[in-house]
Amino acid sequence: MNIITSAFPQRRMRRMRKHDFSRRLMAENHLSVNDLIYPMFIIEGTNRSEKITSMPGIERYTIDLLLKEAAELVELGIPLIALFPVTPAEKKTLLAEEAYNANALVQRAVRELKKAFPQLGIMTDVALDPFTTHGQDGIIDETGYILNDITTDILVKQALSHAEAGADIIAPSDMMDGRIGAIRLALEAAGYVNTQIMAYSAKYSSSYYGPFRDAVGSAGNLKGAINTAIKWTPRTVMKRCTRLHSIFKKALTW
Ligand SMILES: NCc1[nH]cc(CCC(=O)O)c1CC(=O)O
């Protein structure tokens, strides 16, 4: 008897992959403009842009030029932009007060963008590195260790100021424990029930973020300090899975 089994040679996986039509039919993922988030870096001033050497093709813009660029993005159908302000050195402090100043650079940019292009989604970065004198993502103690809960309190204020300015999505990238819950509760209490949260749930301490820190101007202040105290080393995969699992479980109730 000739029983067909799912073993070789009746089953030849390459059969499905031989022709282009077949590969197209079976593709599970399709990348389109709808999948893109465009990061934009903002500087103070008017009619000025700066090339970012570590990110070829990307520039920092003053708000007026940001608006011009945004018009093009709307035209292209990009759904969402992510905003990152470059804070002038004299506005950086140990307690990162500029992060939640209603008239700081990113809050002003959000208001202008929303007024000009209500249909363009605006996401804002929630983290303190552009606002601290030392370039770390949070408030540090005398040993340089980032204090979790004090930092979270400030992140909450920062998130509220972004929501107030009109941000559609708040994107906490700081990696403090418990900050998503704290931000969600604060947004609810303040009536921003439809403000979304997109957390950076898995971040590794790797060179991958180097150009970013250069672009927002926090790399220089970090002076090479690494932030393995808030990000996992790339060698630790299982811990990250555990964290993601607990986040997904919690997400069901947020
Ligand atoms: N906290 C700053 C921040 N906000 C978003 C990113 C990541 C941007 C990217 O995806 O490249 C980073 C870099 C970092 O934490 O080192």
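The values are calculated or read from the model by the stated rules, or taken from the named source; none is laboratory data. Please read all numbers here as calculations on a predicted model, not as lab measurements. Note that each Cβ is placed from the backbone with ideal geometry, even for glycine, and that neighbours are counted across all protein chains shown. Heads up: the accessible areas ignore ligands, DNA and RNA and are worked out on the full protein's heavy atoms, side chains in. Shrake-Rupley method; radii C 1.70, N 1.55, O 1.52, S 1.80 Å.
Laid out as a table, the results:
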item	result
Helix axis angle, 63-76 relative to the chain longest principal axis, alpha carbon, degrees	20
Relative packing of peptides 184-194, 170-180, 127-137 - highest average C-beta neighbours within 10 Å first	127-137, 170-180, 184-194
Ordering of 140-150, 27-37 by packing [mean C-beta count within 10 Å, highest first]	140-150, 27-37
Förster radius 41 Å - calculated FRET efficiency between Lys157 and Arg48, Cβ distance, rounded to 0.05	0.90
Difference of contour (0.36 nm per residue) and Cα-Cα distance, Leu67 to Tyr208	47.9 nm
Per residue, in Å², the accessible surface of segment 12-128 once ligands and nucleic acids are set aside, probe 1.4 Å	60
Cβ-derived FRET efficiency at R0 45 Å, Arg11 paired with Ile58, nearest 0.05	0.45
The chain, dipole about Cα centre (Lys/Arg Cβ +1, Asp/Glu Cβ -1), debye to the nearest 20	1740
Under-5 Å amide H pairs with Ile42, H placed in peptide plane, nonlocal only	Tyr61, Phe84, Val86
In Hz, Karplus ³J(HN,Hα) per residue of segment 139-148 (6.51, -1.76, 1.60; θ = phi - 60°; x = Gly, Pro)	7, 9, 8, 5, 8, x, 7, 7, 7, 5
Cα long-axis angle, helix 105-116 against the chain (0 to 90 degrees, to the nearest 10)	70
Reachable aspartates and glutamates, given that their alpha-carbon falls under 14 Å from the alpha-carbon of Lys203 and they are not under 8 places away in the same chain	Asp137, Asp174, Asp177
Antiparallel bridge percentage (DSSP; both residues within the chain; nearest 5)	15
Carbon/sulfur fraction of accessible area - the chain, other protein chains in place, 1.4 Å, %	58
Val126 long-range amide H proximity, modeled H, under 5 Å	Ala171, Ser173
Degrees separating the helix 179-189 axis from the principal Cα axis of the chain, which is the longest one	70
Extended-chain gain in nm, criterion 0.36 nm per residue less alpha-carbon gap, Ala27 and Glu97	20.4 nm
Gyration tensor (Cα) of the chain, equivalent ellipsoid semi-axes in angstrom	37, 24, 20
Estimated inter-spin distance, Lys223 and Ile150, nm [label 7 Å along Cα→Cβ]	1.9
Listed residues Ile183, Ser161, Pro130: farthest to the positive end of the dipole of segment 55-197 (Cβ charges)	Ser161
